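In what follows, a structure is listed as structure tokens, so that the remarks can point back to it.
The values are calculated or read from the model by the stated rules, or taken from the named source; none is laboratory data. What you see is a predicted model; the values in this text were computed from it and never measured. Please note: Cβ atoms are built from the backbone with ideal geometry, for glycine as well, and neighbour counts cover all protein chains shown.
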Amino acid sequence: MPFDRPFDRRRLLGHSLAAGGLMSLTGCAGAGPGVASAAKVIGRREVLMPMRASVDRITDIKVCLRPFRPQGPRLDAERLGDTLVIHNYGHGGSGWSLSWGSAEVAVAKAAAALPDRVAVVGCGIIGLTSAVMAQRAGMQVTIYTKEVFSRTRSVRANGSWTPDSRIALTQPAGEAFGALWERMARFSWKSFRSYLGLPGNPVDFSDSYRLSDRPHVEREEEAPPPGKGDYASTGMPQDSSEFASYSERIEDITPAVETMEPGSTPFAAPYVRRGSNMFFNFASYGHYLMQEFLENGGKIEIREFHEPGELAQLKEKVVINCPGYAARDWWRDATLIPVRGQTAWLIPQAEVHYGLYTNNVSALSKTDGLMIQAFHGLGDMEGLGNSSELPDRAESEAAVAVIAKAFAGFRQG
Amino acid sequence: MAMRQGRMIVIALGGLLGAGAVTAAPEGPPPGRYTAEQAAHGAEVYAQACAMCHKADLSGDFDTPALVGRFARNWAGGDLASLAGYLHRAMPAFAPGSLSAADNVAVLAYLLQANGEAAGPRPLPEEPAALKAMRFKP
């Protein structure tokens, strides 16, 4: 479940966020390669419509738990009696982004067992893409799930392209995972391209502006304070620096960030950078996925499993297990760590087609609402170990106020 | 006024019919798998630890599962050890595993009560081995 501001780069210091100092885009780590200078069009200012950020426009507050595994997503196969279970869960904040590539890996393992039909457990973004990929590979698929897509945790996420957000810790994931990650990210990226430009914009790109009162300074990650311990010594990550970052592997296909000339944007903030990011519109994208699944003869059975052994009751003897965070209880996977994230959803603004990041708050205009998310300057440690799914309205209201403030002095036209 | 009286009569009849149905064709196990005291304690624990998400009437909401209705269908035929284990392992979601064994089984008793099972003289046991032999909505 991607939840993280598109501008974030894990190699950079999470703590500097509080000072508004982090200005780098995914896939472009600094003043070096990948950072373009803004195209200068003299005398022209971009025309943008303002975001209507006010508390009384909040229509929904969603809380999601990213299923984070320090080792990276679980993709191994396991025998359970005469059933072959292929796991596909634990994608942290990268589930939406890596879904197609991860499904490709899981489906390849399923196909190798030569089944005519497979079961998929779970109907979140990982389950649904696994099911569609299995159909595309010629298999008949039944999804067994507690809830249909629109009520899964996937749809409580941010839904942006953040393929290495809380995807793993560098050490426990090991060297080899980087290559697998790259394969999944590239496969997903290409898969998403076939949804761009379709009616309803299931997958879309928009510009994203980062506003600051200070010039951008690229800061290298600082070493964590001594005596803090780490995942190896405490069983929990203790510092943002432990989290894996792989985005430099796909710099060649991901957009660069620009430093904007003063006065060239409608924002009053003195320092503005602009990037571009891909994101997913849940309603239409979910609809396309479900439509393909059903048109290809896919079946959905509403069912809740309580013990792994119950899989033996299924007629399918190959199962792709995509429970997301529920794997912690359903598969007794204690390696899953919840990472809480909360988004407020304001009334959609079709006339607004960009995102914003300012003072630890992000806003992104999506077809189903203006999404506003607060951060606390904790980098990758943000929300870690917090499994509360209760919305915190005060947090969202404060975040909306921060976005509203960013439009003070906004120049229209 | 006449209409209101008519509605009251219908309600009263419905109540009688409902009561009749219960006595004529009892469903589920014979009473006795938990005590009323256990369920009452379970209701207290529920109010403290569960109701903020699952709501006071156990109806849940869009993001949180209800603990009646669909819940009964989901757990029908499942053994109570499995349900008690899930409760203890996964709930409350914000602090999994924080309920004592006695509180945990009291919440389970409350859930049985809320799903239409009557109380009886014997308490619901805490031991998984004993719960394993019992079915939710057998």
Look at the range A:260-299 and say how many of its residues are of a type in the set (A, V, I, L, M, F, W, C) and within 19 Å of the chain's Cα centre (by Cα). 6
Taking the range A:340-380 and the residues there that are β-branched (Val, Ile, Thr) and more than 14 Å from chain B (Cβ to nearest Cβ), the one that is surrounded by the most Cβ atoms within 10 Å (Cβ to Cβ) would be A:Ile372
From the option list A:Ala110, A:Ala119, single residue qualifying as in a helix (DSSP H, G or I) and crowded, with 24+ Cβ neighbours inside 10 Å is A:Ala110
Yes or no: A:Glu301 in contact with a strand residue (DSSP E or B) (Cβ under 6 Å, 6 or more places away or on another chain) and either in a helix (DSSP H, G or I) or modelled with pLDDT of 95 or more (or both)? yes
Do we have any residue at all in the range A:251-263 that's at pLDDT 95 or above and either at positive phi or aromatic (Phe, Trp, Tyr) (or both)? no
Filtering the range A:197-218 down to residues that are at pLDDT 95 or above and of a type in the set (Val, Ile, Thr) yields A:Val203
Tell me which residues, restricted to the range A:59-73, are within 12 Å of A:Ile167 (Cβ to Cβ) and part of a strand (DSSP E or B). A:Arg66, A:Pro67, A:Phe68
Condition first: assigned to a strand (DSSP E or B), at pLDDT 90 or above and buried (at least 23 other Cβ atoms within 10 Å of the Cβ). Can you find one or more residues in the range A:15-33 that meet it? no
Examine the range A:34-47 for a residue that is among the basic types (Lys, Arg) and either closer than 30 Å to A:Ile125 by Cβ or modelled with pLDDT of 95 or more (or both), and state whether such a residue exists. no
Given (1) buried (at least 18 other Cβ atoms within 10 Å of the Cβ); (2) more than 17 Å from the chain's Cα centre (by Cα); (3) not in a helix (DSSP H, G or I), index of the condition A:Ser245 fails: (2)
Report yes if A:Gly383 is crowded, with 23+ Cβ neighbours inside 10 Å, within 14 Å of chain B (Cβ to nearest Cβ), more than 21 Å from B:Gly78 (Cβ to Cβ) and in contact (Cβ under 8 Å) with a residue 12 or more places away in the chain, otherwise no. yes
Top-ranked residue in the range B:40-86 [being in contact (Cβ under 8 Å) with a residue 12 or more places away in the chain and on the phi > 0 side of the Ramachandran plot; ranked as farthest from the chain's Cα centre (by Cα)]: B:Gly77
Any idea which of A:Glu304, A:Glu258, A:Glu295, A:Glu218 is within 30 Å of A:Arg332 (Cβ to Cβ) and not aromatic (Phe, Trp, Tyr)? A:Glu304
Among A:Gly127, A:Gly122, A:Gly138, the single one that is of a type outside the set (Val, Ile, Thr), touching a strand residue (DSSP E or B) at 6+ places or on another chain (Cβ under 6 Å), more than 14 Å from chain B (Cβ to nearest Cβ) and on the phi > 0 side of the Ramachandran plot is A:Gly122
Could you check A:Ala112 against (1) touching a helix residue (DSSP H, G or I) at 6+ places or on another chain (Cβ under 8 Å); (2) free of Cβ contacts under 8 Å to residues at least 24 places away in the same chain and say which number it fails? (1)
Identify all residues within the range A:103-155 that are among the acidic types (Asp, Glu) and closer than 16 Å to A:Val319 by Cβ; write none if there are none. A:Asp116
